[in-house]
1. Say we join alpha carbon atoms closer than 10 Å with springs in a Gaussian network model of chain B; which of B:45, B:70, B:18 then has the biggest fluctuation?
2. Please report, in whole Å, how far the alpha carbons of the stretch A:346-405 spread along each principal axis, starting with the longest.
3. Rounded to the nearest 0.05, what FRET efficiency do residue A:15 and residue A:273 have when you use their Cβ-Cβ distance and R0 = 41 Å?
4. Could you state the angle between the C-alpha long axis of helix A:85-94 and the longest principal axis of the C-alpha atoms of chain A, as a value from 0 to 90 degrees rounded to the nearest 10?
5. Please give, to one decimal in nm, the separation of the simple spin-label points placed at residue A:3 and residue B:194, each 7 Å out from Cα toward the Cβ.
6. Report, largest value first, the span of the C-alpha coordinates of the stretch A:222-305 along each principal axis, in whole Å.
7. Work out the FRET efficiency for residue B:205 and residue B:165 from their Cβ-Cβ distance, taking R0 = 25 Å, and round it to the nearest 0.05.
8. Which three numbers, in whole Å and largest first, are the semi-axes of the equivalent ellipsoid of the stretch A:247-384 derived from its Cα gyration tensor as √(5λ)?
């Protein structure tokens, strides 16, 4: 008996009872859909982490000012201004794995160009900062050391600011006012897009740190040598954790914090935070895998059950097939193929549901979706394997029937 | 004369039933020649079914010898028995045993499927077999779309499609009305006239009267082996030339 004949007769018998066929395959359907959703969710989470790391800058630690506790009242982040430009220089000088330690201050304010105004984020930075955070200059140039030293009134603007404030006018060389101080636009950064949390990273104006402190944001909380944050760029991803420890040591020593006293600054390891989140998403993926595994097994048992019923129902047919010359092997193959057809069909429906479900999640939860052909193939492979495994025993039972008994079966 | 189709020597089949040994068939010696039409008769428990199962290679004897078409088949394995059934024997059952979801054509092809006959040849042979039972135009009907008589004709076409050395029919008219039964018997007689050996199991003497030879069983033994003297022609009865028995 060749494979085509077996397949045809398998499909015949599945078609004979469509509802039963679909109900039987439900476990497989759910299992396969879960496998596909699991892989899609996992890959999507991974991709999102990568995207965040890309947009915040890779291999960075962000050092922020700490909190004050006075009389039991706790101030928020930055309520103690303890970080200085000297701290930044010390970090760069003392820790070999630090490539840049870029101090920065930030504030907000109104920008004015002609009769247009725009409220945005103002960042006082150095050229190092732009490099550390993976900002790329799209047009024009970044600040020079001389401009940083001289507190020159030059600005590098983000793409959004360029569009909102200048409309169609080429911004390079134009003068805009940042909190009423006139600046010359010398560069425009290349678009970074939204953060994964939804804020527009391109809605920003960069000015030299020195200029910001002296002329624009100086009245705020960062006077003298103090800065708002230090962005530490580490040489490689595997050195981030070690560097974080060294940054803590250096800053505690410089700030003369005795053992047992809390830090007056924070070190944020962005990658680590994201990694933790990715980890929780992976746990969710594992949960889905467990669901998938359990429902594949339950589905397999369902298939076994229905195949046993089918063998009993079709005992006379088996007897007849044997009478006209079917050998045990022919019957075995026929029922195994039938079981596999059942489970693979469930697998196909599961793939459709899994892909559809993943698309729906991606659409409504704005979750990046990665459908992997490998996962689909794997899910189909699993369902076929379930068909073989759970169909074998009923098929073996069928193949061992006595033809006389089988023909007599009512 | 060619070797007989069936030759048995002391053919036995014992069953163990609740600690007792039951001799369902206790030493059968019979020879059936090519082209014969044999009716096997006897009451329930007489051993006629056991005899048919053994002759049909559905069962293995516990003793004695059975030569089918010149080959000793009394000690064959299950798979070899299946091969032998496929090549040499055509079965016709009381309840037709057609596959309900397969067309007449595909039902008739079934033995060829297990005989690994190529698709095109299968189609031609099945069409020819259906034609010879007068159902050529019903080839693509499902069993549910056929009458009882037509279903039995499909079953007969299935039995002859592989050019077997003999047809084994177990109460082939048992589920049919009298007239349809005569039609089926006319078909068997026609096939027999064309040279096919037919062995018929029945408990109705009217049906046995269409055979050439009657084997009577009782208590596991052959008690009667007689040629039919006044053989009936089912075709004549159908056409009204002869009154039905």
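1. Comparing B:45, B:70, B:18 in the GNM, the peak value goes to B:18.
2. 63, 18, 11
3. Working: r = 55 Å, r/R0 = 1.33.
The computed FRET efficiency comes out at 0.15.
4. It works out to around 60 degrees.
5. My value for the distance between the label points is 3.7 nm.
6. Between the extreme Cα coordinates on each principal axis of the stretch A:222-305 lie 79, 28, 25 Å.
7. On the way: r = 27 Å, r/R0 = 1.08.
Between residue B:205 and residue B:165 the formula returns 0.40.
8. Numbers: eigenvalues 694, 52, 26 Å².
Over the Cα atoms of the stretch A:247-384, the semi-axes work out to 59, 16, 11 Å.
Values in this text are rule-based calculations from the coordinates and carry no lab data. Because the structure is predicted, anything quoted here is derived from the model rather than measured. Every residue, glycine among them, receives a Cβ derived from its backbone with ideal geometry; neighbour counts consider all protein chains shown.
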